[in-house]
Amino acid sequence: GDLKTIKFPEVITEPVLSYDEMERCTIEWVSIKQAKNCIAAKMIIPYPPGIPLLFPGEVITDVHIQAIQQLRMYRASLQGEHKLDEDKLAVFKLN
């Protein structure tokens, strides 16, 4: 396999939180394995292609997690605010 075989989400989902709601939420860092079904707090952009994989406010799915793990395995550049060197993603903690 190579980078071309990585499965990206087929549709861009709508954020489940408004920008106002996001502003009021606390951000916490969770392990990538715990991030499933959480709400992304930061953008993750693989480069190339430079198209965001995760947007703030979007629910993190298995497809997102698998794509991130595969991109890391291939040492792709992942831009945005993350702590993937510690296996962590930023998520919104719903107060």
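Summary table
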read-out: Residue tally, condition open to solvent by 70 Å² or more (accessible area, probe 1.4 Å) and either touching a helix residue (DSSP H, G or I) at 6+ places or on another chain (Cβ under 7 Å) or part of a helix (DSSP H, G or I) (or both), over the stretch 16-25; value: 5
read-out: Verdict on residue 79 being closer than 12 Å to residue 89 by Cβ, open to solvent by 40 Å² or more (accessible area, probe 1.4 Å), polar (S, T, N, Q) and free of Cβ contacts under 8 Å to residues at least 60 places away in the same chain; value: no
read-out: Scope the stretch 26-71; condition open to solvent by 30 Å² or more (accessible area, probe 1.4 Å), among the hydrophobic types (A, V, I, L, M, F, W, C), part of a loop (DSSP other than H, G, I, E, B) and farther than 14 Å from residue 8 by Cβ; matching residues; value: 38, 43
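The values are calculated or read from the model by the stated rules, or taken from the named source; none is laboratory data. These figures come from a predicted structure and were not determined experimentally. Ideal geometry is used to build each Cβ from the backbone, glycine not excepted, and the neighbour counts take in all protein chains shown. Remember, those area values only see protein heavy atoms, side chains included, never the ligands or the DNA or RNA. Shrake-Rupley method; radii C 1.70, N 1.55, O 1.52, S 1.80 Å.
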